[in-house]
Amino acid sequence: MDMIILTGMSGAGKSLAANYLEDMGYFCIDNLPPSLLPELMASYVKKRDNLSPQDPETSKMAFVIDVRSSDLFEEIFPALERLTSLGISGRIIFLDATDQALISRYKQSRRNHPLAQGRGIVQAIELERQRLAPVKELASDVIETSTLSPNELRDILYAMLSSEGRDERMTILIQSFGFKYGIPVDCDCVLDVRFIPNPYYVPALKPLSGLDQPVIDHVLSFKETGLFMDLQEKWLEFTIPYYIREGKVRFTIGVGCTGGRHRSVVLAEDLANRLRDNKLRVVIDHRDLDKDPRISGRSRSE
């Protein structure tokens, strides 16, 4: 299990960082009183055995803990000791920025510093640094955000936390569908594979789906199928890094044939495998398999 405690100076970018962690599949809880953390994690670990280990949503937790919890913040130290005694380890990421950068951000946002009641912003920042100093000493990673753009902060977090060489800055959803049921409304692009000979007209293949090996072999046997998929792979290899550069976190590719049972399913699976080989985070869904009562719908994700 992957647990992160996100903390640091108010105005250093914790809310933005938490959004990026959610995009990476972390379940985030903001402004958690530190005393609740050990029991929450202990309860979670007990339930985790009943959840699929393949589901990234169930194996990544992130908690934003900072001085907004006021006097409760001091409980973070016994909470960390309690986690250690329970055998639960985590990573502390501390976001920092210069006083000048923090003051400028507060002026731009026109929000109050959580410690500014009865004191000026400069004094509030100084007090916060004093309270956070012991936590900063425990941090696994310190990110200085004074000169970072949002995209640069995103890239640092993703490079720091991406696993097994996989680029997790974008989730790619590949969805097979049947044109006769309508094009998915959220597609960023649509691949029309109706130019490939239809297995529906082969009696032995008609009752099967694109998840069955005879249909897979049939669809992939045509030279034009391989050429077409090679072109799609090259196009996506070229464009995806630029989509990521522009901050896009979800990219949906629709793969359509007439009924959404044969050709589109085979080629959606083929495209997913090609992109996974390129270390991209891919989710696949076969929208219209359930539309035919002879076919049981199936979908898989990574």
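Every number in this text was worked out from the coordinates using simple rules, so none of it is lab data. Keep in mind the model is a prediction, meaning the values are calculated, not measured. Positions of Cβ are generated from backbone atoms using ideal geometry, with glycine treated the same way; all protein chains shown enter the neighbour counts.
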* Structure fact -> Taking r as the C-beta separation of V45 and D230 and R0 as 45 Å, the FRET efficiency to the nearest 0.05 is 0.50
* To do: Please build a GNM for the chain, connecting alpha carbons under 10 Å apart, and tell me which residue among D71, D99, D212 fluctuates the most.
  => D71
* Structure fact -> Calc'd 3J(HN,Hα), segment 257-266, phi into Karplus 6.51 cos²θ - 1.76 cosθ + 1.60 (θ = phi - 60°), Hz, glycine/Pro = x, comes to 10, 5, x, x, 10, 10, 4, 5, 5, 4
* Asked: In the Gaussian network model of the chain, springs joining C-alpha atoms below 10 Å, which of I244, I29, I93 carries the largest mean-square fluctuation?
  -> I29
* Structure fact -> Residues other than P197 with Cβ under 12 Å of its Cβ, Lys/Arg counted +1 and Asp/Glu -1, net out at +2
* **5 angstrom amide H check on A62, placed H, neighbours 5+ away** => I4, F27, C28, I29
* So if R0 is 22 Å, what FRET efficiency would V202 and K279 give, r being the distance between their Cβ atoms, rounded to the nearest 0.05? -> 0.05
* Go ahead and set up a Gaussian network model of the chain, Cα springs under 10 Å, then flag whichever of I172, I92, I216 fluctuates most. => I216
* Structure fact -> Interchain or sequence-distant (5+) residues whose placed amide H lies within less than 5 Å of the amide H of R287 are S176
* HN-Hα J in Hz across segment 127-133 - Karplus 6.51, -1.76, 1.60, θ = phi - 60°, x for Gly and Pro -> 5, 5, 4, 5, 5, 8, 3
* Okay, which of segment 117-139 sit inside 19 Å, backbone N to the point 7 Å along the Cα-Cβ direction of F77? -> 127-139
* Check I143: other-chain or 5+ apart residues with amide H under 5 Å from its amide H, H built from backbone geometry? -> F94, L95, D96
* Asked: How many Lys pairs in segment 2-161 lie less than 25 angstrom apart by Cα atoms, where the lysines are 8 or more positions apart or on different chains?
  -> 6
* Could you pull out which residues in segment 211-245 have an amide N less than 20 Å from a spot 7 Å beyond the Cα of F195, following the Cα-Cβ vector? => 218-239
* Taking K and R as +1 and D and E as -1, what net charge do the other residues with C-beta under 13 Å from the C-beta of L32 add up to? -> -2
* Take every DSSP beta bridge with both residues inside the chain and express the antiparallel ones as a percent of the total, to the nearest 5. => 5
* With semi-axes √(5λ) of the Cα gyration tensor in Å defined as stated, name the option among (i) 48, 22, 15; (ii) 32, 24, 17; (iii) 32, 21, 19 computed from the structure displayed. => (i)
* What FRET efficiency do you get for E152 and S221 if R0 is 41 Å and r is their Cβ-Cβ distance, rounded to the nearest 0.05? -> 0.30
* Structure fact -> Two pseudo-spin positions, 7 Å from Cα along C-beta at K291 and at S89, lie apart in nanometres by 5.0
* **Using alpha-carbon coordinates, inclination of helix 150-161 to the longest axis of the chain, degrees** => 80
* For the residues R129, R245, what sequence is obtained by ranking on other C-beta atoms within 10 Å, fewest first? -> R245, R129
* **Net length gained if the chain between L138 and Y242 were fully extended (0.36 nm per residue, minus Cα distance)** => 33.8 nm
